[in-house]
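Since the structure comes first, as structure tokens, the remarks are kept for the end.
Nothing in this text is a laboratory measurement; each read-out follows from the coordinates by a stated rule. The model shown is predicted, which means the values in this text are computed figures rather than measured ones. No Cβ is skipped: glycine too gets one built from the backbone with ideal geometry, and neighbour counts run over all protein chains shown.
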Amino acid sequence: MKRAVLIAGKPNKAKALAQALMEKGMDVCVIQQNKQDSKRIAKTGAKVIRGDATKPYVLQEAGIAGYDLAVGVFSRDSDNLVMLELAKKQFQVKRTVSLVSDPKLEPFFKGMGVDKVVCASTVITGLLEQQMMADTLNQMVPVAHGQAELLEISVLEGDKAANLTLEELPLPQGVLVASILKNGKLEVPGKDTRLQAGDELLVIVSKGMEEKTLQELKG
Amino acid sequence: MNGLAVVCGCGRLGAGIASALSEREEDTVVIDHHKDAFSRLDLSYAGLTVTGDVTDLDVLDEAHVKQAGLILAVTDSDNVNVMTGQLARTLNKNARIILRLQDLEKACLVEGMDIETISPFGLAKQDILERIQK
């Protein structure tokens, strides 16, 4: 059965999200106040209902009872909260997801029954951090159910690790150099394997040790 | 009344209540996101004013919601009042909390949280019906 999703809030966000979810094969219903926005979004093929999504009778009209998911992308936190609480309490929507402006409100939203809280500023900070690490990383793959990361790291001239053997390298606990690509040849490293500029390392790192590992390798 | 009163929203209703509480020599704080809104307060208002969003935890903290004995959410938005009431309850287990709602259908959202709701529409209806019965 197709999954049914309700989206309400800022028109541009709602439209983009509606399109993305329809591409994933979901049934999407969007609630919008404004006539022009409604028409614009209706062109994507989503079902559009006009009205205030924080009013019970509008949700009733949209027929969202038993929907799988409701997403609130209003700019005001209170609008998202009220809409999602109504969706859950009165219309038995299974999962609710809200945008929030302030990460400090996350526990409160969850306490009020919102299943997933997305804070734009937290997401962007996370992406920035990842981007900053990505400059020194070629690849980063979560493994073992997200408990570890598989990192591909190039050793460059001037790195702290260059010209050290693995034994001399003070890698933190829970970090394993699994293999080394030297001049295009894969080697299984021993403790006296010497790292050189140009080597590519495959490293298995426990979750949370990524930055520390990079620090030890790169200096 | 026990302790501090925090009035969230300084529209006509909020300003009127805050002024009246101050007149009765209650410790009062009134919050509004527009500084200009405080001009609605009586000239004799002796309480505090806090400028900010009443759904912002830092603002509620600054207004001493945690220490309050009475919290009123009387902005012009039902959704803001509901969220402020719920936030206030998570911050303060004992205060008496009263919300103004235009749409009483939303009262179900604060059920079981020991939060009172009043609706100007409901009050007016009741009053009119009582008058025409006489």
So, counting K/R as plus one and D/E as minus one, what does the shell of residues with Cβ under 15 Å around A:Ser101 add up to?
-3
What is the angle, in °, between the Cα long axis of helix A:120-134 and the longest principal axis of the Cα atoms in chain A? Nearest 10 is fine, range 0 to 90.
20 degrees
If you add up the charges near A:Tyr67, with Lys and Arg at +1 and Asp and Glu at -1, over every other residue whose beta carbon is less than 12 angstrom from its beta carbon, what do you get?
+4
Fewest to most neighbouring Cβ within 10 Å: what's the order for A:Asp115, A:Asp199?
A:Asp115, A:Asp199
What list of whole percents do you get for P(r) of the protein assembly as shown, with Cα-Cα distances grouped in 20 Å bins up to the one holding the largest distance?
24, 38, 27, 10, 1, 0
Karplus 3J(HN,Hα) series, Hz, for the range A:90-99 with 6.51 cos²θ - 1.76 cosθ + 1.60 (x for Gly, Pro)
9, 10, 6, 5, 6, 10, 10, 10, 10, 7
For the range B:30-80, rounded, prolate or oblate, judged on the Cα gyration tensor with a ≥ b ≥ c (square roots of eigenvalues), a/c < 1.5 rounded, else prolate if a/b > b/c?
oblate
Taking A:Met26, B:Met113 and counting other C-beta atoms within 10 Å, the order from fewest to most
B:Met113, A:Met26
Of A:Lys104/B:Lys93; A:Lys88/B:Lys106; A:Lys2/A:Lys110; A:Lys2/A:Lys55; A:Lys10/A:Lys39, those spanning more than 21 Å from alpha-carbon to alpha-carbon:
A:Lys2/A:Lys110; A:Lys2/A:Lys55
Can you sort B:His34, A:His145, B:His64 from fewest to most other Cβ atoms within 10 Å of each residue's own Cβ?
A:His145, B:His34, B:His64
Here the longest stretch of chain A that holds no trypsin sites (Lys or Arg not before Pro) in a DSSP loop having at most 10 other beta carbon atoms within 10 Å is A:44-190
Positive dipole terminus of the protein assembly as shown, leading residue within A:Ala4, A:Val123, B:Ala95 (C-beta point charges)
A:Ala4
Give me a comma-separated list of calculated 3J(HN,Hα) values for the range B:25-33, in order, Karplus coefficients 6.51, -1.76, 1.60 applied at θ = phi - 60°, integers in Hz, x for any Gly or Pro.
6, 7, 6, 10, 10, 10, 10, 8, 7
Proportion of all alpha-carbon pairs of the range A:1-108 beyond 22 Å (%):
23 percent
Within chain B, what is the longest stretch that has no GluC sites (Glu not before Pro) placed in a DSSP loop and near at most 13 other beta-carbon atoms within 10 Å?
B:26-110
Partner aspartates and glutamates for A:Lys207 [C-alpha distance under 17 Å; skip if fewer than 8 residues away on the same chain]:
A:Glu129, A:Glu149, A:Glu152, A:Glu216
D (Stokes-Einstein, µm²/s), Kirkwood Cα radius, chain B, 1.567 mPa s at 4 °C:
86 µm²/s
The range A:170-219: C-alpha gyration tensor shape, a/c 1.5 cut-off, then a/b vs b/c
prolate
Compute the signed sum of charges (Lys and Arg +1, Asp and Glu -1) over the other residues within less than 14 Å, Cβ to Cβ, of A:Tyr57.
-2
Can you give the angle from 0 to 90° between the axis of helix A:11-23 and the longest principal axis of chain A, with both taken from C-alpha atoms, to the nearest 10?
70 degrees
The range B:34-76 to the range A:19-49: how many Å between their Cα centroids?
39 Å
